[in-house]
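One structure below.
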Amino acid sequence: MSHAPSPAAPPSPVVGLIANPVSARDIRRIVANAGNLQLPDRVNIVLRLLAALAATGVSRVLMMPDRAGLAAMLARHLERERRQGHVLAQVEMLDMVPVATVEDSCRAARLLREAGAAAIVVLGGDGTHRAVVRELVANTGDWRETVPVCGLSTGTNNAFPELRESTTAGLAVGLYATGRLPAEVALAANKLLDVRIDGAAGTRSDIALVDAVLADERLIAARALWKPEGLRAVYLAFAEAQAIGLSSIGGLLQPVPRDAPGGLAVHLAPEPARRRQVVRAPIAPGMVRAIGIEHVEAMPPGQDFAVRQAAGVVALDGERELAFGAGERVHISVRANAFSTIDVGRCLHEAALRGLLCGAA
């Protein structure tokens, strides 16, 4: 008597992991006496994440390799965890050769999208998350088509990734990746800033997740922007009053929530004669500075704002990226519903209501 074969179990979902091993090592950490996560701290964050993913049924994680020793140290710790009988999601390294630049994060995001990752967990600061999102939104027209990101803050000025314990983040990602929470519950839509520079030589473009800041200087040698002198305008996708970084300037003047459709433009006044008010803002950890304000205006989504400054540099999420000169014009706009993130709080709240993490005694 023959028996029909049992249906094959659905394959385990793949979760991506991009961990920047050197985030939070820019000049702001020196001038502001801020802390710095060492490799063992980052490895421990990943280990807690892997344990939580395993608890939800995720068994496979694809991770970006690195040249700073994070992946190698993680491999040693995973072997120790296995010997002790602890259950963690299995880690596989992406097939790529790291070059120790931001291109690693971009390429890893591209490979994870192609591998069908259900979600990507990112460890880093605003710059790391910006690099990942920039790759994910390329060639997509709807935020629901992007691979959702779950950000864990390990950088300097962490306005975009929230301070979050990796254990709870792992539970939320796992519940979504395994299909126990649908996209309409687990995911949140996010906006960003589109930055375009038009000139005789053509058009250059980039994005920012939090802020695009105009400064007088054109030198991009020291990438992190931390001196308030020479700043001319701050364009914000969102502005939270409790933020650290240049977005706090807007957040302490006119807060704009992450889920609001538009953004905020703050025009600065270094010259006392043009100042209408002064705000004391924490522009870096441990660094509160008085910032002169000329005026503030709302940025409705999709509306083009032409920058009046003739030459200078545009810093994206705190790092100098785009120099521009005479004959070039900078345009900035807010793009609503650009990409998706895992809403950790809502995921776990819904998990409680549905009893997803409960079972018989």
Among what's in the range 269-301 and is open to solvent by 70 Å² or more (accessible area, probe 1.4 Å) and of a type in the set (G, A, S), pick the residue that is nearest to G245 (Cα to Cα). G286
R144 is checked against (1) surrounded by fewer than 23 Cβ atoms within 10 Å (Cβ to Cβ); (2) within 13 Å of the chain's Cα centre (by Cα) and fails just one. What number does that condition carry? (2)
Single condition S205 does not satisfy, out of (1) closer than 21 Å to V132 by Cα; (2) among the hydroxyl-bearing types (S, T, Y); (3) crowded, with 21+ Cβ neighbours inside 10 Å: (3)
Does any residue of the range 116-127 turn out to be surrounded by fewer than 21 Cβ atoms within 10 Å (Cβ to Cβ), in a loop (DSSP other than H, G, I, E, B), modelled with pLDDT of 95 or more and on the phi > 0 side of the Ramachandran plot? yes
Matching entry among V149, V195 (being crowded, with 23+ Cβ neighbours inside 10 Å, of a type outside the set (F, W, Y) and in contact (Cβ under 8 Å) with a residue 12 or more places away in the chain): V149
Restricting the first residue to the range 341-360 and requiring it to be over 30 Å from V137 (Cα atoms), which pairs with a second residue that is modelled with pLDDT of 95 or more and not in a loop (DSSP other than H, G, I, E, B) meet a Cβ separation below 7 Å and a spacing of at least six or different chains? L356/L175; L357/A351
Assess whether D259 counts as being surrounded by fewer than 13 Cβ atoms within 10 Å (Cβ to Cβ), free of Cβ contacts under 8 Å to residues at least 40 places away in the same chain and closer than 25 Å to S333 by Cα. no
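Conditions (1) loosely packed, with under 12 Cβ neighbours inside 10 Å; (2) farther than 19 Å from S166 by Cα; (3) at pLDDT below 95, marked per residue:
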site	(1), (2), (3)
L49	no, no, no
V61	no, no, no
L74	no, no, no
H77	no, no, no
R83	yes, yes, yes
V91	no, no, no
P98	no, yes, no
V102	no, yes, yes
S105	no, yes, no
Flag if T101 is of a type in the set (V, I, T) and out of contact with any strand residue (DSSP E or B) (no Cβ under 9 Å at 6 or more places or on another chain): yes
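The values are calculated or read from the model by the stated rules, or taken from the named source; none is laboratory data. Bear in mind the structure is a predicted one, so any value in this text is a computation, not a measurement. Glycine also receives a Cβ, built like all others from the backbone with ideal geometry; neighbour counts cover every protein chain displayed. Note: accessible area is taken over every heavy atom of the protein model, side chains too, but ligands, DNA and RNA are not part of it. Shrake-Rupley method; radii C 1.70, N 1.55, O 1.52, S 1.80 Å.
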